[in-house]
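FYI, it's all coordinate maths here, none of it is from the lab. Just so we're clear, the structure is a prediction, and the values are computed from it rather than from any experiment. Cβ atoms come from the backbone with ideal geometry, glycine included; neighbour counts cover every protein chain shown.
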Ligand code: NDP
Ligand code: 2IT
């Protein structure tokens, strides 16, 4: 490792003990940025890298709620307000039993660069709780969301901090959170994104992350004169991002052959078509069941406790969670002929896996570039809320496509090596950094 990165990381690790995912996210960025900062000493003198790795504010709070049996339950709530140099804090809320400070700090850190890449004026933030929505009734989820918002409301606002969805937070949860915010503040504002279409939401926001990751794959493939047509695609996850990535890949002529959840994956060699995807959506969004049911219904193979990367494919789109592709998975993907990875989830590839992709010089689009379509469309929802005017599906989708193209251009600008190889990791990290860093310098030591 570059000794300058090592020295910087020693300080990060000492100041943030036990926060492994945060260390991982910061180190990846530091590896891209430290050489760039050496060439641009203004960033060094202003200690931008040191400042950008320290949240502006971290809020941790108790979330007590009553379950259906009348028993008191206690969870922990978080909001990391990471950076507001280029706009109000913006980023999702995650509800999952694994949520802790380190995971949310990694997500908030990534969000700063991602939001900058979107070209829209949004700072970075992330929040959530270790509450597990699995197996909870709608009423329990509502009582949890109301209690969570009863503390969070004093820290957020349409011009301050605008949360949205992430793992475990979809339309249902945003509704409960918004209702409680409105009641406490007595104001109807665009304080959350991912709202329902009848009450301030934007068309295409539900689709945006998955669509965006597919548009990004398409842009990458174009650099090699290739396209999605006829490609076999492995997708992990079966939640929001995975569902709409599957929809768009199929629409653009690719064949999606896998879908997964935390229990295992299904392999459908004929491809997940429109009707089968409808089944997955109903299974996951309404009945909240397990993906195994797909195998039973369509008579395809189910792999318990396994991830889809053992299936031969041309393109991989991880859309479930962090560190879901390890070194062995990456090697197998490359060996099986996979030449494009577009990350719908945040930091799905371990550092060793990323190295395998870079060494093999395949098209590797890291999450902070490839999945930025979700938050970008949240930014478009905020614009519509400010104007008090909705845009059509076509208008929003066109803007999303333009944004994904621009993110790709930024990656090419900052990530193209002398050999012509586009290192999208460097491209996204440096491209996302410059705007935030310049704004921080302009705003003084704050
Ligand atoms: P959902 O909750 O809708 O879906 C998550 C999916 O991933 C489910 O299939 C879930 O399975 C699976 N999953 C979650 N945790 C794990 C785990 N630890 N191991 C294996 N599988 C797991 O979330 P989203 O689709 O919204 O988010 C997916 C990813 O995309 C996350 O990394 C998120 O940060 C990222 N992302 C989301 C955006 C958005 O707009 N929603 C925007 C940008 C990135 P199960 O049901 O069994 O838990
Ligand atoms: O990781 C992400 O970019 C999200 N979960 C979406 C954030 C948002 O504010 O729409």
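Residue count for segment 76-102, restricted to those that are within 10 Å of ligand 1 (Cβ to nearest atom) and in a helix (DSSP H, G or I): 0.
In the set (1) part of a loop (DSSP other than H, G, I, E, B); (2) within 19 Å of residue 127 (Cβ to Cβ), residue 60 fails one condition alone, (1). Only a single item in (1) more than 27 Å from residue 323 (Cα to Cα); (2) within 16 Å of ligand 2 (Cβ to nearest atom); (3) touching a strand residue (DSSP E or B) at 6+ places or on another chain (Cβ under 9 Å) is not met by residue 348, and it is number (1).
The condition of being within 14 Å of ligand 2 (Cβ to nearest atom) and on the phi > 0 side of the Ramachandran plot holds for only one of 225, 190, 237, that being 237.
Condition check ((1) farther than 15 Å from residue 167 by Cα; (2) within 15 Å of ligand 2 (Cβ to nearest atom)) across all residues:
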| site | (1), (2) |
| --- | --- |
| 95 | no, yes |
| 107 | no, yes |
| 110 | yes, yes |
| 115 | yes, yes |
| 129 | no, yes |
| 134 | no, no |
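For the condition under 20 Å from the mean Cα position of the chain (by Cα), without any contact (Cβ under 8 Å) to a residue 24 or more places away in the chain and within 16 Å of ligand 2 (Cβ to nearest atom), residue 399 qualifies. Quick check: is even one residue across segment 420-434 within 30 Å of residue 171 (Cα to Cα) and either buried (at least 20 other Cβ atoms within 10 Å of the Cβ) or under 19 Å from the mean Cα position of the chain (by Cα) (or both)? There is at least one residue in segment 420-434 that is within 30 Å of residue 171 (Cα to Cα) and either buried (at least 20 other Cβ atoms within 10 Å of the Cβ) or under 19 Å from the mean Cα position of the chain (by Cα) (or both). Taking the stated definitions as given, is residue 173 under 20 Å from residue 261 (Cβ atoms), more than 10 Å from ligand 2 (Cβ to nearest atom), touching a strand residue (DSSP E or B) at 6+ places or on another chain (Cβ under 8 Å) and not in a loop (DSSP other than H, G, I, E, B)? Here the answer is yes, as residue 173 does meet what is asked. Is it the case that residue 149 is crowded, with 20+ Cβ neighbours inside 10 Å and away from ligand 2 (no atom under 13 Å from the Cβ)? Criteria met by residue 149. Quick check on segment 64-75. Is at least one of its residues within 26 Å of the chain's Cα centre (by Cα) and either more than 30 Å from residue 131 (Cβ to Cβ) or assigned to a strand (DSSP E or B) (or both)? Yes, segment 64-75 contains a residue that is within 26 Å of the chain's Cα centre (by Cα) and either more than 30 Å from residue 131 (Cβ to Cβ) or assigned to a strand (DSSP E or B) (or both). Of all residues in segment 114-123, count the ones that are within 13 Å of ligand 1 (Cβ to nearest atom) and outside any loop (DSSP other than H, G, I, E, B). Going through segment 114-123 one residue at a time, the tally reaches 3.
If you go through segment 56-93 and pick out every residue that is within 16 Å of ligand 2 (Cβ to nearest atom) and closer than 30 Å to residue 37 by Cα, you end up with 13.
Screening the candidates 217, 250 for the property of being within 16 Å of ligand 1 (Cβ to nearest atom) and in a helix (DSSP H, G or I) yields one hit, 217.
Looking at segment 9-23, which of its residues are in contact (Cβ under 8 Å) with a residue 12 or more places away in the chain and in a loop (DSSP other than H, G, I, E, B)? Once the filter is applied, which keeps residues that are in contact (Cβ under 8 Å) with a residue 12 or more places away in the chain and in a loop (DSSP other than H, G, I, E, B), segment 9-23 yields 16, 18, 19.
Every condition in (1) crowded, with 24+ Cβ neighbours inside 10 Å; (2) within 16 Å of ligand 1 (Cβ to nearest atom); (3) in a loop (DSSP other than H, G, I, E, B) is met by residue 191 except one, and the failing one is (2). Residues in segment 25-55 that are crowded, with 17+ Cβ neighbours inside 10 Å and closer than 18 Å to residue 104 by Cβ: 25, 26, 27, 28, 29, 52, 53, 55.
Pairs meeting the criteria (first residue in segment 93-107 and surrounded by fewer than 24 Cβ atoms within 10 Å (Cβ to Cβ), second residue in a strand (DSSP E or B), beta carbons under 7 Å, at least 6 apart or on different chains) are 101/78.
Restricting the search to segment 303-335, which residues are assigned to a loop (DSSP other than H, G, I, E, B) and within 16 Å of residue 359 (Cβ to Cβ)? The answer is 326, and nothing else. The residues on offer are 354, 396, and the sole one that is within 16 Å of ligand 1 (Cβ to nearest atom) and more than 16 Å from residue 206 (Cα to Cα) is 354.
Tell me, which residue of segment 289-302 that is outside any strand (DSSP E or B) and touching a residue at least 24 places away in the same chain (Cβ under 8 Å) is surrounded by the most Cβ atoms within 10 Å (Cβ to Cβ)? In this case the residue turns out to be 294.
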